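J.: The structure follows.
The values are calculated or read from the model by the stated rules, or taken from the named source; none is laboratory data. Because the structure is predicted, anything quoted here is derived from the model rather than measured. Methodologically, a virtual Cβ is constructed for each residue, glycine included, from the backbone with ideal geometry; neighbour enumeration extends over all protein chains shown.
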Amino acid sequence: MLALGTLLAAGCDRQAGPRVIPADARVEEQVEKVLAGMSLEEKAGQMVQINVSALFTDGKLDESKLRTLVGQYKIGSFLNAINDQAQPHNVVADVIRKIQEVSLEELKIPCIYGLDEIHGATYIADGVLFPQEVNLAATFNREHAAHMGRAIAYETRAAMVPWVFSPVMDLGRDPRWSRMWESWGEDCFLQSEMAVTEVLAMQGADPNHIGPENVGVSIKHYMAYGAPWTGKDRTPAIVNPADLREKYFRPFKECLEAGALNMMINSASINGVPMHANRELLTGWVKEDLGWDGMMVTDWADIDNLYTREHVAVDKKDALAIGINAGIDMVMDPYDPEAAVQIAELAREGRIPMARIDDAVRRILRMKVRLGLFEHPVWDNSGYTELGGETFRAQALAAAVESEVLLKNEGGLLPLRKGTRILVTGPNANSMRTLNGGWSYTWQGDKADAFAEEYNTILEAVRNRFGDENVLFAPGVVYDDVAWEKDHAVGIERAVAAAANADVILACVGENSYCETPGNTDDLNLSANQKDLVRALAKTGKPIVLILNEGRPRIIGDIEPLAQAVVDIMLPGNHGGDALALLLSGDANFSGRLPFTYSKHINALHTYDYKVSEHMETMDGLYNYDAVMDVQWPFGHGLSYTQFAYSDLKASLTEFRAGDTLRFDVTVRNTGAASGMESVLLYSSDLVASMVPDVRRLRQFTKVNLAPGESTVVSLEVPATELAFVGPDGKWRLEAGDFRIAVGGLSIQVRCLETKVWDTPNIYR
């Protein structure tokens, strides 16, 4: 096992593809000049990233610790929030100024500092928080991904930070997974479109020259991190190799092609191989097949997992050799600068070839050059006047409004009329923490109520919109102050009594905030206390609006019939309460749609693109096979206060070949009495294929805004290659035969006239 790292490095190299980020001669010249003057120890130090907490004593920056880490260990990167929580931008900037001063004095090389900025400026106290990614996916509107990307970049740069660990692109296909809300939902096309939009907004159009209002991104977590077999965070994934290439790889590939400078690696394993040791997926698929010249960084202390958890390495040095030889360039080793010493030792021992060391350091230096850190390691941050300003706040509110999904509205209960007497109840009714979720001022989001006092909870927003005199409050159930995952019934009877004086009940239920492994659950059911609250309120006979404030779809099939209306607000951020009040009052219209399948049963967790053979009638006989799909609400479901009618679906080509692009036109009319936005979703179904086909796949989407009676012709383009799939041989196939195209309840058939098989693994390029 000791020789495995060297063995991996000597694996079967293949010819690198054309570079997805065009080479820039000046960038490369500067990289080579710096590299040529570096010692082995300096190179090893560049390959290690340390938690900024290692620089602090009693909450204050300790220059002696900084000089030890930079001067002795040659550390080239630091990360994380100062004192583990959001700080004002100038506080962050002052710390980074000092780090850069020492780095340039000791190494003549600037440091690169990174922050997790997941849904806005997560760790900048005076920045703006947007809805979480799953909410932005629910808008089906790329514009909101662009707005959030620009806000993240601008406000992070205002704090002197040039690098963010964002966006998250792990497909959220399993609601048991505790990070589902960090993703753009369950579909790979939606995920790709939104993530690419955000990457371009954060980095700008030229990845070789990142501007002063842009940042370098770290797309994460490559890949299939969101597909743990057990549903628990950081546990092994078992993924069909065809799905791995076709669905899980796609968002990463497209973001790399859009110029993403950095990629963070999945903490767990895929099909038995830890990602941090998987040379085929790290070096083969990305660095060689795509010709990508960016930098790969581990997640938090994940190199250690190769020997402490995965048992594919015997000790730390062995783990470093395996990971670096597989393709890791920077080791996020938050607590142990000795990793830099061990990397140098491994190079001297020949267990990591110097060619691999130099390649890794080139990639790190290249990112620093592209970010302009050699010319401007620090900058004047006094001119970032939009920080925390009205532009970003208005964009965050607009995104929240479009992201909240009306799932049910029996008898037109919503919108609520002016003067309606409203009982607001439930543990999520008066909490900023639950509106924001994790990665909100702190890792677990547990201090959001203190940081976000200026914003409105659901209760406060409803009072502001409908008047204090019309709003009653009795929580009935509250979350535990310490054991965040628990809740307590603290007066359900008082909530029931209050309902006697109300016309309608807003039952605000769901989850408390969590992030990563602490959010693991053994039961997706909504808590028993919250269900008991809803049952007790239903006995009053007063109509109930169920407000679901949750990061993943919790099972509510037994109480959903008790509610006349259901709204899933997910994690809409600081402006989520105001957005909900606007929607409930009818001052704004619902337009969000589910970016995931909302399951109905605890042991029946589906995705919308299931295989056609999964949905069958009961088979008489020995097995009585029954795989009828029974979900609470399907992917793409969402209601409005108006109605839209679709007509005249037409195809530009009814017969096509592999090189063609198909255009589909459809007329959409607002047939209701209110203005509204409609997400137009186009699906394809391969009617006969050599492998069992998916029942349908999202292939394109757009959003239109129509006044009552107004209509428009929507055009949606789909390259024929989108209709290809990965076969059992790992090759892409577009097969002759019929495809059904569906939009808004209409469908049309088109026919492919040829079968084409691609040898390249990346046909979309």
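This table checks each residue for (1) buried (at least 18 other Cβ atoms within 10 Å of the Cβ); (2) modelled with pLDDT of 95 or more; (3) farther than 29 Å from Ile99 by Cα.
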site: Thr6; (1), (2), (3): yes, no, yes
site: Glu28; (1), (2), (3): no, yes, no
site: Val31; (1), (2), (3): yes, yes, no
site: Met38; (1), (2), (3): yes, yes, no
site: Glu41; (1), (2), (3): no, yes, no
site: Gln46; (1), (2), (3): yes, yes, no
site: Gln49; (1), (2), (3): yes, yes, no
site: Leu55; (1), (2), (3): yes, yes, no
site: Asp62; (1), (2), (3): no, yes, no
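J.: Continuing with the same structure: Looking at this structure, is Asn525 surrounded by fewer than 20 Cβ atoms within 10 Å (Cβ to Cβ), closer than 28 Å to Ala497 by Cα and of a type outside the set (A, V, I, L, M)?
T.: The answer is yes for Asn525.
J.: Scan Arg142, Arg150, Arg157 and give me the residue that is modelled with pLDDT of 95 or more, out of contact with any helix residue (DSSP H, G or I) (no Cβ under 8 Å at 6 or more places or on another chain) and over 15 Å from Ser440 (Cα atoms).
T.: Of Arg142, Arg150, Arg157, the one residue that is modelled with pLDDT of 95 or more, out of contact with any helix residue (DSSP H, G or I) (no Cβ under 8 Å at 6 or more places or on another chain) and over 15 Å from Ser440 (Cα atoms) is Arg157.
J.: Sticking with this structure for a sec: If you take the residues of segment 542-566 that are over 20 Å from Gly592 (Cα atoms) and more than 28 Å from the chain's Cα centre (by Cα), which of them is surrounded by the fewest Cβ atoms within 10 Å (Cβ to Cβ)?
T.: Pro561
J.: Among the residues of segment 456-471, is there at least one that is in the same structural domain as Glu410 (by TED's automatic domain parsing), part of a loop (DSSP other than H, G, I, E, B) and in contact with a helix residue (DSSP H, G or I) (Cβ under 9 Å, 6 or more places away or on another chain)?
T.: Yes.
J.: Additional query: Can you tell me which of (1) free of Cβ contacts under 8 Å to residues at least 12 places away in the same chain; (2) within 12 Å of Leu371 (Cβ to Cβ) is the one Asn240 doesn't meet?
T.: (2)
J.: Look through segment 378-426, keep the residues that are of a type in the set (S, T, N, Q) and surrounded by 15 or more Cβ atoms within 10 Å (Cβ to Cβ), and return whichever of them is farthest from the chain's Cα centre (by Cα).
T.: Thr420
J.: Sticking with this one: I'm trying to understand the selection: among the residues of segment 102-142, which are touching a residue at least 40 places away in the same chain (Cβ under 8 Å), of a type in the set (Asp, Glu) and farther than 26 Å from Asp299 by Cβ?
T.: Within segment 102-142, just Asp126 meets the criteria.
J.: Now a separate question. Within the group Ser103, Ser166, which residue is buried (at least 24 other Cβ atoms within 10 Å of the Cβ) and in the same structural domain as Leu373 (by TED's automatic domain parsing)?
T.: Details: Ser166 fails: in the same structural domain as Leu373 (by TED's automatic domain parsing).
Selected residue: Ser103, the only one of Ser103, Ser166 that is buried (at least 24 other Cβ atoms within 10 Å of the Cβ) and in the same structural domain as Leu373 (by TED's automatic domain parsing).
J.: Another question, then. Can you list the strands (runs of 3 or more DSSP E) found entirely within segment 648-765 that contain at least 1 residues being basic (Lys, Arg)?
T.: 661-670, 697-706, 732-734, 737-743, 746-752, 756-758
J.: Residue check: is Val331 of a type in the set (A, V, I, L, M, F, W, C), crowded, with 24+ Cβ neighbours inside 10 Å and on the phi < 0 side of the Ramachandran plot?
T.: So Val331 passes the test.
J.: May I pose another question? State which residue pairs qualify: first residue farther than 15 Å from Ser747 by Cα and inside segment 653-673, second residue assigned to a strand (DSSP E or B) and among the polar types (S, T, N, Q) in any location, beta carbons under 7 Å apart, and separation of 6 or more residues or different chains.
T.: Sorted first by the residue in segment 653-673, then by its partner, the pairs are Arg669/Ser711.
J.: If you scan segment 539-569, which residues turn out to be within 18 Å of Glu402 (Cβ to Cβ) and out of contact with any Lys or Arg (no Cβ under 9 Å at 6 or more places or on another chain)?
T.: Correct list: Ile547, Asn549, Asp568, Ile569.
J.: Take the residues in segment 685-710 that are loosely packed, with under 15 Cβ neighbours inside 10 Å and of a type outside the set (S, T, N, Q), then tell me which one is nearest to Val612 (Cα to Cα).
T.: Here the residue is Val692.
J.: I'd like to verify a number: residues in segment 572-609 that are over 22 Å from the mean Cα position of the chain (by Cα), in a loop (DSSP other than H, G, I, E, B) and not aliphatic (A, V, I, L, M), how many?
T.: Summing the residues that are over 22 Å from the mean Cα position of the chain (by Cα), in a loop (DSSP other than H, G, I, E, B) and not aliphatic (A, V, I, L, M) in segment 572-609 gives 6.
J.: From (1) within 17 Å of Leu104 (Cα to Cα); (2) in contact (Cβ under 8 Å) with a residue 60 or more places away in the chain, pick out the condition that doesn't hold for Lys33.
T.: Looking at each condition in turn, Lys33 falls short on (2).
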